[in-house]
1. Which condition number in (1) of a type outside the set (S, T, N, Q); (2) at pLDDT 90 or above; (3) at negative phi is the one that G134 fails?
2. State all residues of the range 171-198 that are surrounded by fewer than 16 Cβ atoms within 10 Å (Cβ to Cβ) and assigned to a loop (DSSP other than H, G, I, E, B); if no residue qualifies, say none.
3. Pairs please, first residue from the range 174-186 and touching a residue at least 12 places away in the same chain (Cβ under 8 Å) and under 17 Å from T198 (Cα atoms), second anywhere and exposed (fewer than 10 other Cβ atoms within 10 Å of the Cβ) and not β-branched (V, I, T), Cβ atoms under 9 Å, 6+ apart in sequence or on different chains.
4. Just to verify a result, which residue in the range 153-170, among those that are part of a loop (DSSP other than H, G, I, E, B) and polar (S, T, N, Q), is farthest from P77 (Cα to Cα)?
5. Which residues, taken from the range 153-177, are modelled with pLDDT of 95 or more and within 20 Å of G100 (Cβ to Cβ)?
6. Residue under question is D157, and the condition is that it be acidic (D, E), surrounded by 19 or more Cβ atoms within 10 Å (Cβ to Cβ) and in contact (Cβ under 8 Å) with a residue 12 or more places away in the chain; does it hold?
7. Tally the residues that are surrounded by fewer than 20 Cβ atoms within 10 Å (Cβ to Cβ), hydroxyl-bearing (S, T, Y) and assigned to a helix (DSSP H, G or I), restricting the search to the range 84-133.
8. Just checking, does the range 134-152 include any residue being small (G, A, S), crowded, with 22+ Cβ neighbours inside 10 Å and part of a helix (DSSP H, G or I)?
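The values are calculated or read from the model by the stated rules, or taken from the named source; none is laboratory data. Everything quoted here is computed from the prediction, not taken from an experiment. Note that each Cβ is placed from the backbone with ideal geometry, even for glycine, and that neighbours are counted across all protein chains shown.
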Amino acid sequence: MKVFLSFILFCITNNCIAQETIIYIQKINTIEQFKEAVKKNPKKDLIDIAKYIPEIHIDMPYATKNNFTGVELYKHPKAYLHIEPAKELKNIENELLKKGLTLKIFDAYRPYNITCKMWQLTPNRHYVANPKKGSNHNRGIALDLTITDINTGKELDMGTNFDNFTDSAHHGFQNISIKAKNNRKLLKDIMNKHGFRTLEKEWWHYTWQQDIGYEIMDLGFDEIAKIEKTI
């Protein structure tokens, strides 16, 4: 009962779930809990993508006010991913480099409290994860990304910008240029090939398919940086 009441207080304090039924979510809140999870399953360790795949460009709009909330959500952000999806991401990057292309990461692991803030700040909740269930970003197995030209640094035309919450961002949307369709297909095909699944409403969002019970986490980037895995 004490744990449940503490969770309710956390949600109210952080504007987590307003005027809705609160459901307890078990999550990793401390480095000690994280280390214990990794001890039981080393695949649950986290990798700093920028260090592991230095060719990838990291550009995280949630660390600025230039995002759909208009609020700076991240402090000292890093793009983290669990080991297995990180390895496949490296294979994807290597394939793209041969084509003169490279990946750009908009978001990867996201602390749970940020999901709560997004929910509270977003009127259109069809496009944000409900804190009742948490997000695969909270589990360290989801990515928001695109492809850029390695020489110019320019993003390939995908028909819309990142975090465009309209039908035009859906994979099935047809009223975009042939070039944009082909670029979306390029991203989708290579991500699917390497074990990531799509989200129909967001061309930029991909989730690692092999879920081994990855827990929701609410660890800050600075906390993870102290114990991050190097491979």
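1. (3) is the only condition that G134 fails.
2. H171, G172, Q174, N175, S177
3. K181/Q174
4. Applying the first criterion (part of a loop (DSSP other than H, G, I, E, B)) to the range 153-170 yields 153-154, 156-166, 170.
When the remaining residues are screened for being polar (S, T, N, Q), the result is 160-161, 164, 166.
Numbers: T160: 25, N161: 21, N164: 22, T166: 27 Å.
Filtering first and then ranking leaves T166.
5. Listed by number, the residues that qualify are K154, E155, L156, D157, M158.
6. Values: acidic (D, E): yes; surrounded by 19 or more Cβ atoms within 10 Å (Cβ to Cβ): no; in contact (Cβ under 8 Å) with a residue 12 or more places away in the chain: yes.
No; evaluated as a whole, the condition is false for this residue.
7. The qualifying residues number 1.
8. As a first pass, look at the range 134-152 and keep what is small (G, A, S): 134-135, 140, 142.
Right, trim to crowded, with 22+ Cβ neighbours inside 10 Å and you get 140, 142.
Restricting the remaining residues to those that are part of a helix (DSSP H, G or I) gives none.
Checked against the condition, which is being small (G, A, S), crowded, with 22+ Cβ neighbours inside 10 Å and part of a helix (DSSP H, G or I), the range 134-152 yields no hits at all.
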